[in-house]
Amino acid sequence: MSFRFVASKVVQTFITLLIIVSIVMLSLAMVPGDPVRLMLGPYATEEQIQLVREQLGLNLPLHIRYVRYLTGLLQGDLGRSYHYDLPVAELISIVYPRTLWLVAVALIFSLSIAIPVGVISAVRQYSALDYAVRFLTYIAVCIPIFVFGIMLLHLLAVRIPIFPVAVVGSTTEIIVLPALTLSVYSAPAIARMTRSSMLDVVRQDYITTARAKGLSERRVILKHALRNALIPIYTYTGLQFGLFLGGSIITETIFAYPGMGTLMVNAIYERDYPLIQGCVLVFALSFILVNMFIDLTYALIDPRIKRAR
Amino acid sequence: MRLSLLNVAGPFAVLIGRMRRDKMALFGATVVTGLFFVAIFAPVLAPYDPLLIDLNYRLAPPEQGHPFGFDWVGRDVLSRVIYGGRLALIAALASVSIGVFIGTPLGLFSGYIGGKLDTVIMRATDSLLSFPYLLLVILIVALLGPSFENAILAIGIWSIPNYIRLVRASTLSIKEREFIDAAKATGESFLSIIFRHVFPGCASVLLVQSTIYLGRAIEMSAALSFLGLGAQPPTPEWGAMVGLGRIYLQVSPHVVIFPCIAIFIAIMGFNALGDALRDALDPRLRGLFRG
Amino acid sequence: MTDELLDVKNLTVRYFTEEGVVEALDGVSFKISMGERVGLVGESGCGKSTAALSILRLVPLPGKITGGKIFLEGVNLLEISIDEMRRRVRGSKVSMIFQEPSRALNPVLTAGEQIVEAIQLHQKISKSEAEERAIKVLEEVGLPNPPELLKRYPFELSGGMQQRVMIAMALSCNPRLLIADEPTSSLDVTIEAQILDLIKSLMDQGDISAMLFITHDLALISEISDKIVVMYAGTVAEISDTETIFEDPKHPYSKGLMEVVPDPFRGKRTFGTIPGDIPSLIAPPSGCRFHKRCMYAKEICAKQRPTLERIEGENYVACHLF
């Protein structure tokens with residue numbers, strides 16, 4: 001994998017990020033109505049409004065604010081939250097790791113269920129299991145994530161009090177239900193993808209060759225078929241990451257999980273623009289970094305790309 | 001290829017035939033028709049005023065005359081669900097229309113003209129499309145302020161790049177066909193070619209995907225309202241009902257369950273109908289567009 | 001008295017598809033003796049590949065072997081368990097190579113991994129010993145720098161090299177019978193010649209004992225086989241030694257085939273044709289499957305399937321003319 005390739009990817013990422021920052025920043029500047037007025041509420045006096053405006057530097061021309069924000073960004077300064085009166089960076093640094101954990105656990109759950117299910121469904125095509133899987137995934141795709149979350153909450157926390165309803169208990173406890181919800185959100189799509197990828201692979205000539213050599217069916221599926229099938233699944237899962245991020249916002253809200261999603265939603269209620277900006281930025285950065293990672297490591301799993309580089 | 005009655009009627013005949021055999025298609029068509037019916041006749045169908053508060057009946061469970069029970073301020077849940085159907089349909093149709101009316105021309109021009117215009121449009125479209133959709137929609141609402149109309153706008157904006165990509169793909173394949181050359185040869189004007197020849201070719205794909213996007217729009221508007229970023233109280237929007245009612249889940253689950261079921265059935269109905277349309281209009285499209 | 005290696009008796013295979021039941025093979029019979037090279041010829045879709053796959057019981061779904069017997073060294077392969085097939089037959093007693101080597105080799109495993117896997121499956125030796133054996137067999141098929149080759153992925157090799165790798169893999173466990181399903185059809189003509197030469201030399205050296213060579217190319221088959229089985233629409237039309245098939249074909253279809261091929265040295269400069277189309281195998285013609293296109297057809301041909309009858313020596317024909 002050449003240095004040029006990596007370097008160009010990094011540069012591309014950086015540019016995309018810059019574009020997103022700019023769009024976020026500029027669009028917040030274009031919010032209809034006066035953000036300060038909206039923030040302080042209808043009872044604020046003119047002096048108060050002017051004061052806050054000055055404090056936040058909102059009376060400066062747009063391009064100066066833009067540059068200021070960017071330079072601040074480079075120093076790790078994401079602005080200051082109006083609502084909490086704390087640096088945005090600080091707030092995010094508390095909640096972001098929690099969201100990452102949530103997504104990571106959800107990803108693990110999701111893959112652990114979806115891939116085996118997809119494989120079995122493909123290998124036992126036309127069986128009752130296959131039809132059940134296809135039916136379930138079809139239904140599951142139609143259930144909005146919050147509906148599922150609520151149902152899960154109801155069943156497992158209310159009806160059968162396995163998990164805590166509120167945010168008490170250790171991290172392990174509070175992460176399970178949201179992670180489960182989030183994983184169910186993406187699992188059907190991944191299972192479907194796995195199934196169709198496996199079906200494609202199993203039809204290939206090299207699988208017949210493997211069988212003709214006398215390999216056990218298990219070996220054929222696990223060693224020959226799956227390795228090939230996993231390649232598109234890898235990229236697909238990477239694309240799914242975006243879904244995870246968006247879904248995490250809703251999931252956190254349902255379970256009152258103290259992650260970045262909850263923070264951002266609250267910031268939106270409060271019209272806390274610096275905080276909103278910061279959250280969006282961090283979300284976008286995560287998303288872009290993950291995509292970049294997938295792009296770069298894709299070469300590692302597919303030897304055809306590896307050697308061609 | 002002009003869009004004649006045959007083009008439209010033919011597939012519908014197939015569709016009806018298919019519906020007799022395919023239960024999902026029947027289900028989808030029933031649900032969607034039902035939803036339209038409920039939406040249009042809501043004032044007649046709803047037994048009570050969805051906004052009527054009666055604190056004597058707070059969170060009261062389902063009983064005679066109130067099959068869905070009461071919500072946390074004593075409003076009849078059934079009536080609210082019915083009116084919610086109207087709102088869901090309005091949200092879906094409005095937002096998808098935004099996508100269709102803005103995205104389609106852009107896609108047509110981008111695909112047909114090609115060149116720099118195409119590159120620019122595609123770059124913008126691709127970056128928008130790769131962005132997680134919920135995040136995008138939430139962000140737009142964050143900027144504009146939470147409201148039902150802004151939610152519709154946000155979903156509409158989400159749908160635009162989807163339509164651009166869809167229509168452009170169709171356009172690209174139609175562009176290469178001979179009848180376009182024939183039209184050009186007879187000196188037809190550029191706009192005329194696009195709208196009389198290219199566009200009808202996209203019609204079936206547009207119809208199928210729009211049906212699916214209608215389902216997604218319902219999901220997204222419900223999600224936004226759930227988060228409090230869409231329809232504001234006391235509007236009887238399904239997602240809002242779930243969002244506000246969830247604190248009562250332990251005590252009075254009916255407040256949340258019924259809107260949830262409504263959302264689920266509506267989405268599934270649109271998906272099923274979309275799939276059925278796809279099969280009827282062009283079986284080769286199966287699996288090509290994962291709405 | 002020759003040693004009989006393979007005896008296919010009345011093999012029937014059906015594919016149960018959505019459109020209907022495809023009668024892919026109907027009563028196919030032929031024999032292969034030790035050291036014999038048998039060519040299996042026929043048009044596309046006549047069932048050659050299906051017949052070959054049946055020997056290893058690799059007929060893909062929705063196909064099923066619905067009748068007949070396949071005796072390998074006296075054992076009916078259709079009666080033993082699949083497990084037995086894997087352990088004793090596939091890759092060890094009977095090996096198979098396929099048409100497009102680029103598709104028949106696993107793209108994410110190196111050539112070495114795939115060959116060593118085949119070797120270790122049937123021989124209890126260590127990995128390094130297996131690698132040595134792999135190197136040896138790669139040398140035998142004429143590949144340069146075998147140790148390097150072990151580390152290469154299939155896509156890094158040319159078509160000819162890939163096919164040699166496949167052959168090496170097939171031969172690595174010294175099979176009694178090698179089935180070659182159109183091994184050169186996807187290769188360039190010059191490469192095709194090279195591979196054929198390789199196969200011939202391997203045969204002469206004794207590395208390949210018996211072989212079933214499948215192809216639709218008549219010129220090819222004449223070079224490489226002792227005996228030819230002509231198939232048509234899922235049935236066997238004629239089985240004769242190579243010379244007889246070319247000089248004096250008995251079955252009308254075989255005759256037609258021979259006439260199709262131009263032979264400039266005998267003054268025949270154009271392609272002949274056999275009138276009509278290959279019948280659909282979902283509703284195959286009654287009686288002899290060739291009768292609708294046969295210029296010698298009699299009444300009985302439409303009513304009754306002709307059975308394979310011995311003509312002379314080891315030659316058989318399935319036709320009412322005989």
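Read the figures in this text as sums done on the coordinates, not as results from a lab. Every value quoted in this text rests on a predicted model; they were computed, and no experiment measured them. Glycine also receives a Cβ, built like all others from the backbone with ideal geometry; neighbour counts cover every protein chain displayed.
At a 10 Å Cβ-Cβ cut-off, how would you order C:M96, C:M211, B:M122, A:M198, fewest neighbours first?
Details: C:M96 28, C:M211 22, B:M122 17, A:M198 25.
Least to most surrounded, the residues fall as B:M122, C:M211, A:M198, C:M96.
What 222 nm value per residue comes from the helices of the protein assembly as shown, counting each DSSP H run with n ≥ 4 as -39,500 (n - 2.57) and dividing by all residues, nearest 500 deg cm²/dmol?
Details: 37 runs with 533 residues, N = 922.
Rounded to the nearest 500, it is -19000 deg cm²/dmol.
What does the convex hull of the Cα atoms come to per residue for the stretch C:106-217, in Å³? Mind dumping the intermediate values first?
On the way: hull volume 11.4 nm³, N = 112.
Looking at the stretch C:106-217, the number lands at 101 Å³ per residue.
Can you tell me what the convex hull of the Cα atoms of the stretch C:1-127 projects to on average, as an area in nm²? If you can, show how the numbers build up before the last one.
Details: hull surface 40.0 nm².
Over all viewing directions, the stretch C:1-127 projects a mean Cα-hull area of 10.0 nm².
Using 18 Å as the Cα-Cα cut-off, could you pick out the over-long pairs in C:K9/C:K64; A:K213/C:K64; C:K31/C:K227; C:K200/C:K250; C:K93/C:K200; C:K48/C:K227? Intermediate values should be presented prior to the final figure.
Details: C:K9/C:K64 16 Å; A:K213/C:K64 20 Å; C:K31/C:K227 10 Å; C:K200/C:K250 28 Å; C:K93/C:K200 20 Å; C:K48/C:K227 15 Å.
Listed pairs above 18 Å: A:K213/C:K64; C:K200/C:K250; C:K93/C:K200.
What's the whole-number percent of alpha carbon pairs in the stretch B:117-209 lying beyond 14 angstrom?
Numbers: 3057 of 4278 pairs.
When all Cα pairs of the stretch B:117-209 are counted, 71 percent exceed 14 Å.
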**Asked** Can you give me the pair-distance distribution of the stretch B:18-140, C-alpha pairs, 10 Å bins, whole percents?
**Response** 11, 23, 23, 23, 13, 6, 1
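Per residue of A:213-224, what is the mean number of Cβ atoms on other protein chains within 10 angstrom of that residue's Cβ? Walk me through the numbers before you get to the answer.
Values: counts 18, 16, 6, 5, 3, 0, 3, 1, 0, 0, 5, 5.
Average neighbour count from other chains, rounded to a whole number: 5.
Relative contact order for chain B: what is it in percent, counting Cα pairs under 8 Å that are at least 6 residues apart?
26 percent
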**Item:** Per-selection metrics, the protein assembly as shown (Cα): Rg and Dmax in Å
**Value:** 34.8, 117
**Dmax and Rg, reported as Rg then Dmax, of chain A (C-alpha, Å)** = 23.9, 85
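By how many nm would the segment from B:I247 to B:A182 lengthen if fully extended, with 0.36 nm per residue of separation less the alpha-carbon distance? Intermediate values should be presented prior to the final figure.
Values: separation 65, 0.36 × 65 = 23.40 nm, distance 6.46 nm.
This chain segment gains 16.9 nm when fully extended.
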**Complete:** At q = 0.09, 0.13 Å⁻¹, the log10 of I(q)/I(0) for chain C from a Debye sum over equal Cα scatterers comes to -0.48, -0.99
**Prompt:** Can you give the translational diffusion coefficient of the stretch C:213-260 in µm²/s, computed by Stokes-Einstein from the Kirkwood radius over Cα pairs at 20 °C and 1.002 mPa s?
**Reply:** 201 µm²/s
**Asked** Using alpha carbon coordinates only, what is the Rg to Rh ratio of the stretch B:182-221, with Rh defined as the Kirkwood radius?
**Response** 1.29
**Asked** Could you give the nm distance between label points at A:S93 and B:L55, where each point is 7 Å from its Cα heading toward the beta carbon?
**Response** 4.8 nm
**Message:** If you split all Cα-Cα distances of chain B into 5 Å bins from zero, what percentages do you get per bin, shortest first?
**Reply:** 1, 6, 11, 14, 15, 14, 12, 10, 7, 5, 3, 2, 1, 0, 0, 0
**Principal axis dimensions, the stretch B:174-291 - Cα atoms, whole angstrom, descending** = 72, 28, 16
**Request:** Which order do the peptides A:268-278, C:141-151, B:144-154, C:276-286 take when ranked by the mean count of other beta-carbon atoms within 10 Å per residue, highest first?
**Result:** A:268-278, B:144-154, C:141-151, C:276-286
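Quote the Stokes-Einstein diffusion coefficient, in whole µm² s⁻¹, for the stretch A:69-152, based on the Kirkwood radius over alpha carbon pairs, a temperature of 4 °C and a viscosity of 1.567 mPa s.
On the way: Rh = 16.7 Å.
For the chosen part, D equals 77 µm²/s.
Counting only DSSP beta bridges with both residues in the protein assembly as shown, what percent are antiparallel, rounded to the nearest 5?
Values: 35 of 54 bridges.
Roughly 65 percent of the beta bridges in the protein assembly as shown run antiparallel, per DSSP.
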**Prompt:** Assuming R0 = 30 Å, what is the FRET efficiency of C:T66 and C:S185, from their Cβ-Cβ distance, to the nearest 0.05?
**Reply:** 0.60
**Kirkwood Rh and Cα Rg combined as Rg/Rh, the stretch C:58-136** = 1.03
**Item:** Whole-Hz couplings from phi, Karplus 6.51/-1.76/1.60, listed for the stretch C:196-213; x for Gly and Pro
**Value:** 4, 4, 4, 4, 4, 5, 4, 5, 5, 6, x, 5, 9, 8, 9, 9, 10, 10
**Prompt:** Between A:L239 and C:E312, what is the spin-label point distance in nm, taking each point 7 Å from the Cα along the Cα→C-beta axis?
**Reply:** 6.7 nm
**Request:** Go ahead and run the numbers for FRET between C:E259 and C:E4, Cβ-Cβ distance against an R0 of 45 Å, rounding to 0.05.
**Result:** 0.85
**Request:** Using only alpha carbon pairs under 8 Å that are at least six residues apart, calculate the relative contact order of the stretch C:115-245 and give it in whole percent.
**Result:** 19 percent
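In which sequence would A:V103, C:V236 go, from the one with the fewest C-beta neighbours within 10 Å to the one with the most? Display every interim value, and only then the final one.
On the way: A:V103 24, C:V236 28.
Ascending number of Cβ neighbours within 10 Å: A:V103, C:V236.
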**Complete:** In nm, the gap between the two label points placed 7 Å beyond Cα toward Cβ at A:S112 and B:S97 is 4.9 nm
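Give me B:W158, B:W238, B:W72 ranked fewest to most by other Cβ atoms within 10 Å of their Cβ, as a rough exposure proxy.
Details: B:W158 24, B:W238 31, B:W72 16.
If I rank by nearby Cβ atoms, fewest first, I get B:W72, B:W158, B:W238.
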**Asked** Could you name the lysines in cross-link range of B:K184, using Cα to Cα under 24 Å and dropping any fewer than eight places away on the same chain?
**Response** B:K116, B:K175
**Message:** Placing one identical point scatterer on every Cα of the stretch B:121-164 and ignoring solvent, what is log10 I(q)/I(0) from the Debye formula at q = 0.21, 0.28, 0.29 Å⁻¹?
**Reply:** -0.63, -0.95, -0.99
**Message:** Give me the percent relative contact order of the stretch A:199-309, please, defined on Cα pairs under 8 angstrom at least 6 residues apart.
**Reply:** 21 percent
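Per-residue mean of other chain beta-carbon atoms within 10 angstrom of the beta-carbon, peptide A:274-280?
2
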**Message:** Given bins 5 angstrom wide, list per bin the percent of all Cα-Cα distances in the stretch A:197-257, short to long.
**Reply:** 4, 17, 18, 13, 10, 9, 8, 8, 6, 4, 2, 0
**Request:** Take the Cβ-Cβ distance between A:S216 and C:E139 as r, set R0 to 22 Å, and report the resulting FRET efficiency rounded to the nearest 0.05.
**Result:** 0.15
**Request:** Would you please report the Å³ per residue occupied by the convex hull of the alpha carbon atoms in the stretch C:188-246?
**Result:** 92 Å³
**Item:** Average other protein chain Cβ within 10 Å of Cβ, residues A:130-141
**Value:** 1
